[in-house]
Amino acid sequence: MLPFSVQFRPGQPVYEQVIYAVHKALVTGQLQPGDPFPSVRQLSSELQINPNTAHKIVTLLKQDKLIVVEPGRGTFINRDHRPDAEGRTALLSEKVEALVVEALKLDLRREDVVRAVETTWDSLSENN
């Protein structure tokens, strides 16, 4: 069983959805630094995705230094990964831009978006 869950949605690449799910699991405490991370084979099997896609996920998470591979032991959530403030802000800015674009497409008011963000923030913060 995977230590995180993914709800696949059409229109977005599978690997991006899985990577997002891993980040969310870390933020909510579902995954902790030092926890074992599934192998390519396990990701492929349990998520029913192409092994090449699973390999891409692991490769990108390694490049981001979110996971580490310890030969003979396995793959783990990096104990030392702490992105700097600039890196965290850069990561978030893309997501914020996407949120604003979607809100504008839906003709939402700024207040509605802020309220939705606050509600989601409170909901996720309760889990920490």
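The values are calculated or read from the model by the stated rules, or taken from the named source; none is laboratory data. Bear in mind the structure is a predicted one, so any value in this text is a computation, not a measurement. As a convention, Cβ positions derive from the backbone with ideal geometry for all residues, glycine included, and neighbour counts pool all protein chains shown. Just so you know, the surface numbers come from the protein's heavy atoms only, side chains and all, with ligands and any DNA or RNA stripped out. Shrake-Rupley method; radii C 1.70, N 1.55, O 1.52, S 1.80 Å.
Less than 28 Å apart at the alpha-carbon level, and either on another chain or at least 8 residues along: which lysines does that give for residue 62? Residue 62 reaches 24, 95. Roughly how tilted is helix 85-105, in degrees to the nearest 10 and between 0 and 90, from the longest Cα axis of the chain? Tilt relative to the chain: about 50 degrees.
Among the trypsin sites (Lys or Arg not before Pro) in the range 1-86, those located in a DSSP loop and surrounded by at most 11 other Cβ atoms within 10 Å of their own Cβ are 73, 79. Taking Cα atoms, how many degrees apart are the long axis of helix 51-63 and the longest axis of the chain, rounded to 10 and kept between 0 and 90? Taking the Cα atoms of the chain, the angle to 51-63 is about 80 degrees. Projected onto their three principal axes, the Cα atoms of the range 1-70 cover extents of 30, 25, 23 Å, largest first.
Of all the options 42, 32, 12, the one that moves most in a Gaussian network model of the chain with Cα springs shorter than 10 angstrom is 12.
Evaluated over the Cα positions of the chain, the convex hull gives a direction-averaged projected area, one quarter of its surface, of 9.0 nm². Its relative contact order, with pairs defined as Cα atoms under 8 Å and 6+ residues apart, puts the chain at 23 percent.
Per-residue Karplus couplings for the range 28-39, computed as 6.51 cos²θ - 1.76 cosθ + 1.60 with θ equal to phi - 60°, are listed in order as 7, x, 5, 10, 10, x, x, 5, x, 10, x, 6 Hz, Gly and Pro entered as x.
Amide H contacts of residue 78: 34, 67, 68, each under 5 Å away and 5 or more positions distant or on a separate chain (H built 1.01 Å from N in the peptide plane; Pro and chain starts excluded). For the range 1-64, the relative contact order is 34 percent, taking Cα pairs closer than 8 Å that sit 6 or more residues apart in sequence and dividing their mean separation by the residue count. Between helix 110-125 and the chain there is an angle of about 40 degrees, using the helix long axis and the longest principal axis of the Cα atoms. For the chain, the carbon plus sulfur part of the accessible surface works out to 54%, probe radius 1.4 Å. For a straight C-alpha distance cut-off of 16 angstrom, the aspartates and glutamates reachable from residue 56 (same-chain residues fewer than eight places away being disregarded) are 16, 46, 64.
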